[in-house]
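Read the structure below first, then the notes.
Every read-out reported here was derived from the displayed coordinates using simple, explicitly stated rules and does not represent laboratory data. The structure presented is a predicted model; accordingly, all values stated were derived computationally and were not measured. Cβ coordinates were reconstructed from backbone atoms using ideal geometry, including for glycine residues, and neighbour counts include every protein chain displayed.
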Amino acid sequence: MSFTVAIVGRPNVGKSTLFNRLVGKKLALVDDTPGVTRDRRPGAAKLIDLRFTIIDTAGLEESGPDTLQGRMWAQTRAAIDEADVSLFVVDAKAGLTPADQTLAEMLRRSGKPVVLVANKSEARGSDGGFYDAFTLGLGEPCPISAEHGQGMLDLRDAIVAAIGEERAFPEADEVAVTDVDVRDEPVGEGDDEDVEPEYDETKPLRIAVIGRPNAGKSTLINRFLGEERLLTGPEAGITRDSISVEWQWRGRTIKMYDTAGMRKKARVQEKLEKLSVADSLRSIRFAELVIIVFDATIPFEKQDLHLVDLVAREGRAPVLAFNKWDLIEDPQAFLADLREKTERLLPQVRGIRAVPISGQTGYGLDRLMQSVVETDRVWNSRISTAKLNRWLESQQVQHPPPAVSGRRVKLKYMTQVKARPPAFMISCTRPEALPESYLRYLTNGLRNDFQMPGVPIRIHLRASENPFEGKKKKR
């Protein structure tokens, strides 16, 4: 993008609504409750003929630096320092407040261009708040309605005037290509060619990090990045939006998504938490791999098992991370117990890779990323049809399909129909009669014989076509 714009203002003035308007998608959570946004969220914005990076930020709430509001405001200050120009949003309907005056003074001291935006200008009685905005000393306010899209042309002209035409309209070959957000395009289903392609060690990875509240997801990502990019703290449920960050690991681009903690469904009552959980589920759906963060001090809660099962049902490649390993007193004995429980409680992803880590100290993070890459390799694997049919014949010799109603089910042909996750089709007689126990037998055989541990495996049955069906028997 040619330049970066930060949206700043006090809570509930419409910053996230304007952010969604500029990026053209409902990425940021929007609610009438003040203080919904906590982390700073970047996005690719388009405004008429302008292309730039926009950053949504938390609202100004004056408080101590050790409080949650103080840490939120530190994230906003980081966004202002990173941006080339700030959009200072005020509420024309409600008028100015002392917080607006404080923020205006701070923006003046930053020495960077500021565009004063009077949002909610479509409301009746907003003229008073609009004219009050002149007293901030930041120039003429730009009246807009982020909810209804009014005043966008005036906002475009104000941004161009603040940043300069040379910066606003760079040469075409100088504009950097921006990655598409994870929610824009679902994961590919793979092709149907009967080949075993080599694994691409350089392709970017999209990883979602999920877990129960206060499991240490944001702390883990901050340790990967080497900076306090995401808001963290002892309070549970700090993260609300699914925030994407990008970094390099051994020369490979990693796009990682921090998500809100997911509690039991019965405990989720507030509308805002429901929106956060829906955002987390969307991130899982469009990720390639999912790191499920367990709190090692209280592992294998019922909700942890539900999250692993959710990832498996979505067909994503899961990896377990036992966080807070620095708090474990007897690591060796505890690790042996965790391995036994993993095999016993998660049979649907038998062989899943589980790594003890500490997001606080950085212990085990390199081993975790290596497990992620190995799991992705398995998740993308393809097996040739010839190998599959030889394997299917040997499996039936060792353990023939059961006879149902006096007739044995015949498995005739097997092929892999897609990867990501690996899915197979078996042509057989009477597919409805083959019991689930035999499908589990075949699934476990595929895991063991073709080295496919820890990823979901799909097996679909199809009745073989009868060429004489529908034809009358000739006498």
Given all pairs of different Cα atoms, what value in angstroms does the Kirkwood hydrodynamic radius of region 21-70 take? 12.6 Å
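Trypsin sites (Lys or Arg not before Pro) within region 120-164: which are DSSP loop residues with at most 12 other Cβ atoms inside 10 Å?
Those satisfying the criteria are R124.
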Subtracting the Cα-Cα distance from 0.36 nm times the residue separation, let me have the gained length for N389 to T97 in nm, one decimal. 97.8 nm
Between E270 and Y363, what is the spin-label point distance in nm, taking each point 7 Å from the Cα along the Cα→C-beta axis? 3.4 nm
Find how much the distance from Y441 to R124 grows on full extension, using 0.36 nm per residue of separation minus their present alpha carbon separation; answer in nm with one decimal. 107.3 nm
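Using the eigenvalues of the Cα gyration tensor, what equivalent ellipsoid semi-axes result for region 322-460 when each is taken as the square root of five times the eigenvalue, whole Å, largest first?
Output for region 322-460: semi-axes of 37, 17, 10 Å.
Evaluate 2.2 N^0.38 Å with N set to the residue count of region 385-463, then give the Cα radius of gyration divided by it.
Here the Cα radius of gyration is 1.04 times the empirical estimate.
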To the nearest µm²/s, what D does Stokes-Einstein give for the chain at 37 °C and 0.692 mPa s, using the Kirkwood radius over alpha carbon pairs as Rh? 130 µm²/s
Reduced to Cα centres, the span from region 350-393 to region 72-135 in Å works out to 49 Å
When only C-alpha pairs under 8 Å and at least 6 residues apart count, what is the relative contact order of region 385-463, in percent? 30 percent
Can you pull the Rg over Rh of region 205-379, Cα-only, Kirkwood? 0.93
What length, rounded to one decimal in nm, is gained on full extension from N12 through to K46, with 0.36 nm per residue of separation minus their alpha-carbon distance? 9.9 nm
So how strong a dipole does region 373-437 carry about its Cα centre when Lys and Arg Cβ are +1 and Asp and Glu Cβ are -1, to the nearest 20 debye? 260 debye
